């Protein structure tokens with residue numbers, strides 16, 4: 001029965017389409033279960049059924065890779081505190097990692113790549129159109145589905161933030177944050193860019209969506225795509241339109257309160273935005289004027305808004321990586337974020353010592369706020385996520401993870417250089433993203449790029 005059902009490519013396409021769509025609905029949940037989790041589970045189960053249908057078998061290398069990469073995590077089980085939080089965290093991490101490997105293995109060994117590509121393209125268009133509507137809706141207070149998954153509120157609120165008090169309004173689409181949109185959708189774009197024929201609308205939509213995220217991460221990946229395309233002489237007029245539209249919307253200022261003053265969140269009088277207002281509030285009155293804070297801490301902020309919006313998380317991860325890389329033997333999935341938090345806690349203690357060993361009012365605002373996806377520090381101890389896929393897995397698994405990636409890249413580079421560059425590009429787009437888990441969806445992306453290269457070589 002299963003064989004007959006799965007011979008129907010339309011049914012397969014529907015399964016993959018629904019799975020991918022649910023994964024992209026990152027801002028929503030049902031019964032406290034995120035739809036993205038359901039989507040990744042559904043994708044894995046779809047591949048499991050295909051695995052059984054095709055009577056596929058794992059070779060010994062598959063099990064060796066799993067065992068070696070999980071040694072640090074297995075070791076951490078002997079010292080872990082067994083409670084529901086840790087068990088749930090470990091279970092989700094293990095499922096994601098094993099799902100990634102399983103989905104990757106199945107898809108590179110089946111003949112459904114074209115079906116999956118069609119599903120990817122359909123859902124990509126749908127998400128782009130939904131994202132544009134939500135972008136407009138947030139500016140003009142037009143109804144949109146309730147973003148009921150908590151986790152990106154700021155200043156103590158669980159409701160997801162869709163309003164920027166300063167700077168341009170940013171594209172979130174169906175995701176919790178602009179950076180999550182970039183982390184999940186740009187790898188999809190890369191696969192479709194190199195694997196399928198796409199029209200001008202595809203590139204115009206893509207450039208608009210990614211540009212409106214105003215994400216530095218998107219800028220880095222787009223530059224990498226441009227470099228690879230120029231090198232491979234894969235540069236057509238529609239590709240140029242993509243890059244132009246991206247740059248235009250990336251730099252275009254879109255102040256929602258200027259466009260729609262009637263927006264219920266305008267004007268926002270809660271936070272001061274000028275130096276005069278800050279002086280009136282005496283925000284820095286409890287800092288010893290004799291302390292050399294500016295020189296010691298490089299605090300050049302002139303107002304509270306800049307303090308709140310200071311994007312230093314990326315610098316924190318770079319600092320952590322450079323200081324810990326040579327002592328890394330693998331901390332395990334359970335321990336890496338605690339190690340990262342302890343490292344940042346030392347930095348915070350140092351900064352507080354330099355600020356006269358007091359808690360200045362501006363630090364109270366920053367440190368007492370809830371995490372905005374990649375939020376930085378807390379006065380009460382909470383584990384801070386490293387928010388980088390490559391670093392999370394490098395420090396969880398150990399140097400073997402870096403060796404494994406290097407072997408893969410070298411293999412394809414020597415096999416056919418152009419294919420190696422494409423594989424490297426998809427690895428970069430996944431590795432630079434803020435989604436720490438190696439999701440089953442990433443296994444799908446990577447397998448499609450691998451399959452293309454193997455078939456054409």
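The values are calculated or read from the model by the stated rules, or taken from the named source; none is laboratory data. Remember, it's a predicted structure, so these values are computed and weren't measured experimentally. Virtual Cβ from ideal backbone geometry, glycine too; neighbours counted across all protein chains shown.
In region 238-249 there is no residue matching the filter, namely being closer than 25 Å to residue 387 by Cα and not in a helix (DSSP H, G or I). Need the failing condition index for residue 132 against (1) farther than 30 Å from residue 266 by Cβ; (2) surrounded by fewer than 17 Cβ atoms within 10 Å (Cβ to Cβ); (3) within 20 Å of the chain's Cα centre (by Cα); (4) touching a residue at least 40 places away in the same chain (Cβ under 8 Å), just the number. All conditions pass for residue 132, except number (1). Here is a check on your reading of the model: is residue 85 in the same structural domain as residue 14 (by TED's automatic domain parsing), within 23 Å of residue 389 (Cβ to Cβ) and part of a helix (DSSP H, G or I)? Spelling it out, residue 85 is indeed in the same structural domain as residue 14 (by TED's automatic domain parsing), within 23 Å of residue 389 (Cβ to Cβ) and part of a helix (DSSP H, G or I). Residues in region 385-396 that are farther than 18 Å from residue 224 by Cα and outside any helix (DSSP H, G or I): 3 in all.
On the given criteria, is residue 154 at pLDDT 85 or above and in the same structural domain as residue 51 (by TED's automatic domain parsing)? When the stated conditions are applied, residue 154 does not pass them. Residues in region 246-259 that are farther than 13 Å from residue 135 by Cα and more than 25 Å from the chain's Cα centre (by Cα): 257, 258.
Keeping to region 47-61, report how many residues are surrounded by 14 or more Cβ atoms within 10 Å (Cβ to Cβ) and in a helix (DSSP H, G or I).
The total comes to 6.
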